1. Along the charge dipole of the chain, pointing to its positive end and built from +1/-1 on Cβ of Lys, Arg, Asp and Glu, which listed residue (Y89, W213, L21) has its Cα farthest out?
2. Accessible area of S79, 1.4 Å probe, to the nearest 10 Å²?
3. GNM on the chain, C-alpha springs below 10 Å: top fluctuator among L223, L165, L211?
4. How far is helix 232-249 tilted off the main Cα axis of the chain, in degrees rounded to 10, range 0 to 90?
5. Which one, R49, R197, R16, has the greatest fluctuation when you compute a Gaussian network model over the chain with C-alpha springs under 10 angstrom?
6. Roughly how many whole Å is it from the C-alpha centroid of region 69-126 to that of region 8-63?
7. How charged is the neighbourhood of D24? Take every other residue with its Cβ under 13 Å from the Cβ of D24, and add Lys/Arg as +1 and Asp/Glu as -1.
8. Cα gyration tensor of region 12-168, axes a ≥ b ≥ c as square roots of the eigenvalues: rounded (a/c below 1.5), prolate (a/b > b/c) or oblate?
Amino acid sequence: MRPTLGLDPLPQVDLRHLFTLSDDTGILQHATYGTADLHHGYCVDDVARALLAAVTAYELRDDPDEEGVRLYQDPLLLSAQRYLAFVAYAFNRENSRFRNFMAFDRSWLEEVGSQDSHARTLWALGVAVRRAPNDSILSLADDLMNRAASAAESFDAIRPIAFTLMGLSEYLQARPDTAWAVDLRDRLAGSLHARWRRHAVDEWPWWEDILTWGNAKLPNALLASGVAMEDEAMIDAALTASRWLTEVQT
């Protein structure tokens, strides 16, 4: 049992809707009320989110069982393996990119997904490597991360860069001496920092002229990278952006 440090314990994560939207392929994109809507099929973007949630929720469990019971009977662990299987199937080895959209009949609707969906998948794979509950998930997530991360070198949108950095940050917690991951993190973090410096001003210390979505992940990714790289300027930029974002959005 984890210590509560004098605070009220957090409630157990309620996973019923996650399981309701999931089947033996992955997690459905949409629901009508509380029921899965099959018309829209699947996307690797959402399956990656589900994989990240599943391995993290599994790590938070307070009722460990024997490994064999966990591997073959635990519904959360089985779901994590299915989500990872979807991610592996989504990877197109011919172009080293993840497909994104899949129809309900399991037919792919594209050969290359968006930068955003690819980067979010890298984020989930990094989390899976760091928090893998068994060797099966660890080995496949590690292999996919090695094959798919290089695509991020050509990303030009800031959110895919940030999502990739989140994945690399998690990955390097488990694989700290991986040269390619360190090099890619340093280059992407440098790019994200440089773009902030070019655009930020005192009254608007941000990357863009507007605030849209997924905003907190931009300073989050820069901060995680700056701490790992021991780059004070990067840390200061991330904290400045984060404090300003908190002020204007709350």
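1. My answer, from the dipole projection, is Y89.
2. The value for S79 is about 10 Å².
3. The residue that fluctuates most here is L211.
4. 70
5. R16
6. 14
7. On the way: positive: R82, R106; negative: D23.
Within the 13 Å Cβ shell, the charges total +1.
8. On the way: a/c = 1.78, a/b = 1.23, b/c = 1.45.
Oblate shape, in that a/c is at least 1.5 and b/c is the bigger or equal ratio.
The values are calculated or read from the model by the stated rules, or taken from the named source; none is laboratory data. Note that this is a predicted model, so its numbers are computed, not measured. As a convention, Cβ positions derive from the backbone with ideal geometry for all residues, glycine included, and neighbour counts pool all protein chains shown. For the accessible areas, the whole protein counts, side chains as well, though only heavy atoms, and no ligand, DNA or RNA atoms are used. Shrake-Rupley method; radii C 1.70, N 1.55, O 1.52, S 1.80 Å.
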